[in-house]
Amino acid sequence: MKTILVTGGLGFIGSHTVVELQNVGFDVVIIDDLSNSNISVLNSITEITGKKPEFHRIDLRKKQEVKNFFDTNTIDGIIHFAAFKAVGESVQKPLEYYENNIGSLVYLLQEMRDRKIDHFIFSSSCTVYGQADELPITENAPIKPAESPYGNTKQIGEEIIKDTCKANNLNAIALRYFNPIGAHDSYKIGELPLGIPQNLIPYVTQTAAGIREELSVFGDDYNTPDGTAIRDYIHVVDLAKAHIAALQRLLNKDNKNNFEYFNIGTGTGSSVLEIIKAFEKATNQKLNYKIVAKREGDVTAAYADTTIANRELNWKTEKTLEEALKSAWEWQESQK
Ligand code: WQD
C-alpha cells in the first residue's frame, strides 16, 4: 500500500484528511511541529480509525531535518498542509510567514525533485482571488494582488510548485479551499483554535458555549442582501475527501498537466447573519451578537463555482451546512 506524508497532519484539515486516507487504505506518516496543533490529536485519529499514523515532530524550516526524514522514510506522495494561516497575524509578521510557508515548501520540493516523489497536493486558498469580479468564482478568475502576506504565500507557493513540476516532470494539484468548518462525526477531532478565534465558526461556537461574551459581526453595510459578508462554508470532511480524490487522480495519472488547481467549496454562499440563524436553528442555541465595523482586508463575497472540481475530481460535497454547523457545536460541547 502507498505511504502518504501529511505535513500539518495534526491540524484541523490535516487530521480530517489523515482519517480519510486511512479509511481508504493508505499508510500515513505525519510531520507536524505542534506550533498550532496538539499531540492529543494523534490518539484521537487512532481512536477513530484503529490505526496509529507514524508521527515525526519536525520543523520544516530546518533543511537538514527535512533531508534526514526523507533519507529514512520511503514516501509515495505528499499532502502539504503545514503553514501559518492567520491572515491578520501575517500582516504583523510577514517575514515569519514567508520563512515558514515558502521556506518549508521549497525544502519539501527539493526532496521531491531529488527522490522523484511524483505526487504532491498543496493546500491553497480562495484568498488568491481577492474580491473576484464575478460570482460564483471559477478557476479562470484572475489572481488578484494578495490582500495579506498569508494570501501572498499561497499565490507564490502555487507559482513555485508550477515551475518545479514543469522543470522536473513532477505532478501536483493545488486545492483552493473556501471556508472549512465543522468536525468529524465522532466529535473526536475538530477545529482547535489557540487563543481568541480569528475565524467565524469557532467564535460562534465559543460564544454559544459561554466562553466568549458575544460575537462581533464585522460590518452590515456590505453590498449584499442583508449587508453582511458572504462566504462558502464547506464541511471539513467533504474537504478532506477532496484531497483523496485529488491524490487518486495523480496516482491514476488522470491529470491533464503537471500542475492543476481546483476550487473546493459547496458552490453556495451564506452571509454572516444567515450563518447565525442557521446555527441557532441547527443547535437550538441562542447567539449573542453585535454589529461592529468591517474587518480590514475582508472581501464582500466569495463562493465557488464547483463545476470543474465536480467533473475532474469526480467529487462533490455530501454534507449540508446544517450538518456542518451542528457538528461544530457538538465538537465544541465535547471540549468541556
Ligand atoms: C468569515 C466571515 C468575516 C469572525 C479566512 C482566510 C482563508 C481561510 C478561511 C485558511 C467574514 C466574518 C469573522 C468574526 C465576523 N483560511 N467574521 N466575526 O476571512 O473568509 O477566510 O479563513 O485557509 O484563507 O482568509 O474566514 O472565518 O475569518 O470570516 O463577522 O468574529 O465571517 O468578516 O465575512 P475568511 P473568517
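Restricted to region 269-294, and to residues there that are more than 21 Å from the chain's Cα centre (by Cα), within 16 Å of the ligand (Cβ to nearest atom) and not aliphatic (A, V, I, L, M), the residue that is surrounded by the fewest Cβ atoms within 10 Å (Cβ to Cβ) is Lys290. Picking from residues in region 25-72 that are assigned to a loop (DSSP other than H, G, I, E, B) and among the β-branched types (Val, Ile, Thr), the one that is surrounded by the fewest Cβ atoms within 10 Å (Cβ to Cβ) is Ile39. Scanning region 198-211 for residues that are part of a loop (DSSP other than H, G, I, E, B) and in contact (Cβ under 8 Å) with a residue 12 or more places away in the chain yields Gln198, Asn199, Ala209. Mind telling me which of the residues Ile196, Ile211 ends up being modelled with pLDDT under 95, within 16 Å of the ligand (Cβ to nearest atom) and of a type in the set (Val, Ile, Thr)? Among Ile196, Ile211, only Ile196 is modelled with pLDDT under 95, within 16 Å of the ligand (Cβ to nearest atom) and of a type in the set (Val, Ile, Thr). Do we have Lys256 as under 18 Å from the mean Cα position of the chain (by Cα), away from the ligand (no atom under 16 Å from the Cβ) and either surrounded by fewer than 23 Cβ atoms within 10 Å (Cβ to Cβ) or without any contact (Cβ under 8 Å) to a residue 40 or more places away in the chain (or both) here? Spelling it out, it is not the case that Lys256 is under 18 Å from the mean Cα position of the chain (by Cα), away from the ligand (no atom under 16 Å from the Cβ) and either surrounded by fewer than 23 Cβ atoms within 10 Å (Cβ to Cβ) or without any contact (Cβ under 8 Å) to a residue 40 or more places away in the chain (or both). Pairs, please: C-beta under 9 Å, at least 6 apart or cross-chain, first residue part of a helix (DSSP H, G or I) and among the charged types (D, E, K, R) and in region 274-299, second open to solvent by less than 100 Å² (accessible area, probe 1.4 Å) and near the ligand (Cβ under 9 Å from one of its atoms)? So the pair list comes out as Glu274/Thr228; Glu274/Ile230. Among the criteria (1) open to solvent by 60 Å² or more (accessible area, probe 1.4 Å); (2) within 12 Å of the ligand (Cβ to nearest atom), the one Thr307 does not fulfil is (2).
Taking (1) more than 14 Å from Glu260 (Cα to Cα); (2) under 20 Å from the mean Cα position of the chain (by Cα); (3) hydrophobic (A, V, I, L, M, F, W, C) in turn, Ala167 satisfies each apart from (2). Tell me yes or no: at least one residue of region 232-252 is part of a loop (DSSP other than H, G, I, E, B) and within 12 Å of the ligand (Cβ to nearest atom). Taking every residue of region 232-252 in turn, at least one turns out to be part of a loop (DSSP other than H, G, I, E, B) and within 12 Å of the ligand (Cβ to nearest atom).
Out of curiosity, is Asp220 modelled with pLDDT under 95 and within 10 Å of the ligand (Cβ to nearest atom)? No: the conditions fail for Asp220.
The values are calculated or read from the model by the stated rules, or taken from the named source; none is laboratory data. The structure displayed is predicted, hence computed values, not measured ones. Glycine gets a Cβ as well: all are built from the backbone with ideal geometry, and neighbour counts include every protein chain shown. Areas reflect the complete protein model, heavy atoms only, side chains present, ligands, DNA and RNA absent. Shrake-Rupley method; radii C 1.70, N 1.55, O 1.52, S 1.80 Å.
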